[in-house]
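Here's the structure we're looking at; comments come further down.
Computed from the coordinates by the stated procedures, all read-outs in this text should not be read as laboratory data. As the structure is a prediction and not an experimental result, all values here were calculated from the model. Positions of Cβ are generated from backbone atoms using ideal geometry, with glycine treated the same way; all protein chains shown enter the neighbour counts.
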Amino acid sequence: MTQNERTLAIIKPDAVADGHAGAILTLIEKAGFKILAMRMMHLNRQQAEGFYDVHRGKPFFESLVKFMTEGRIIVLALERENAILKWREVMGATNPVNAAEGTIRKLYGASIERNAAHGSDAPETADYELRYFFSSVDLLP
Ligand code: CMP
């Protein structure tokens, strides 16, 4: 039997501000994900820095934090078989220029930074990221 997996997804400030949240939620459901939990929030600097802690020190860190705090985001806990990989497929490559047709980043991303969506990249990061935004009661089956 195939095991369900969970991943953390974010609809980023660019996509929310541009009115693409509904279309992205539809893509999520069409791709067979169960939305376990969902939260709209406006990150402050400390929250954004904590979330992207692995990127601290990289040349794009400061700019990334500024972008992620510029407006509301939608944070989602998603579940399905192979959720981490599948969500990365639905999002497309980090840089919209390299993203496949029909993917979220191709459709709604403007640049490698303003790329409309985020997804966990491995089981360990998914764990960290899900716990960062949600408590255990939010994530009950
Ligand atoms: P995300 O999947 O949220 O993970 C880290 C984010 O940093 C990434 O999407 C981009 O928004 C951003 N990012 C990654 N690489 C670069 C880069 N080379 N220049 C600017 N932003 C980047």
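Among the residues of segment 54-65, those that are of a type outside the set (S, T, N, Q), within 11 Å of the ligand (Cβ to nearest atom) and farther than 25 Å from residue 27 by Cβ comprise 54, 55, 58, 59, 60, 61, 62, 65.
Can you find even one residue in segment 116-126 that is more than 12 Å from the chain's Cα centre (by Cα) and buried (at least 18 other Cβ atoms within 10 Å of the Cβ)? Scanning segment 116-126 turns up no residue that is more than 12 Å from the chain's Cα centre (by Cα) and buried (at least 18 other Cβ atoms within 10 Å of the Cβ).
When you scan segment 104-112, do you find a residue that is aromatic (Phe, Trp, Tyr), crowded, with 18+ Cβ neighbours inside 10 Å, in contact with a Leu (Cβ under 9 Å, 6 or more places away or on another chain) and closer than 20 Å to residue 14 by Cβ, even just one?
Checked segment 104-112: no residue is aromatic (Phe, Trp, Tyr), crowded, with 18+ Cβ neighbours inside 10 Å, in contact with a Leu (Cβ under 9 Å, 6 or more places away or on another chain) and closer than 20 Å to residue 14 by Cβ.
Residue count for segment 24-40, restricted to those that are touching a residue at least 60 places away in the same chain (Cβ under 8 Å) and hydrophobic (A, V, I, L, M, F, W, C): 5. Quick one: would you say residue 49 is part of a loop (DSSP other than H, G, I, E, B), touching a helix residue (DSSP H, G or I) at 6+ places or on another chain (Cβ under 9 Å), within 14 Å of the ligand (Cβ to nearest atom) and over 28 Å from residue 3 (Cα atoms)? For residue 49, the condition - part of a loop (DSSP other than H, G, I, E, B), touching a helix residue (DSSP H, G or I) at 6+ places or on another chain (Cβ under 9 Å), within 14 Å of the ligand (Cβ to nearest atom) and over 28 Å from residue 3 (Cα atoms) - is not met. Each residue in segment 89-133 was checked for being aliphatic (A, V, I, L, M), part of a loop (DSSP other than H, G, I, E, B) and either out of contact with any Gly (no Cβ under 9 Å at 6 or more places or on another chain) or without any contact (Cβ under 8 Å) to a residue 24 or more places away in the chain (or both), and 6 of them qualify.
Give 66, 86, 58 a once-over and let me know the one that is in contact (Cβ under 8 Å) with a residue 12 or more places away in the chain and charged (D, E, K, R).
None of the others qualify; the one that does is 86.
Residues in segment 68-95 that are near the ligand (Cβ under 10 Å from one of its atoms), surrounded by 20 or more Cβ atoms within 10 Å (Cβ to Cβ) and more than 21 Å from residue 32 (Cβ to Cβ): 68 alone.
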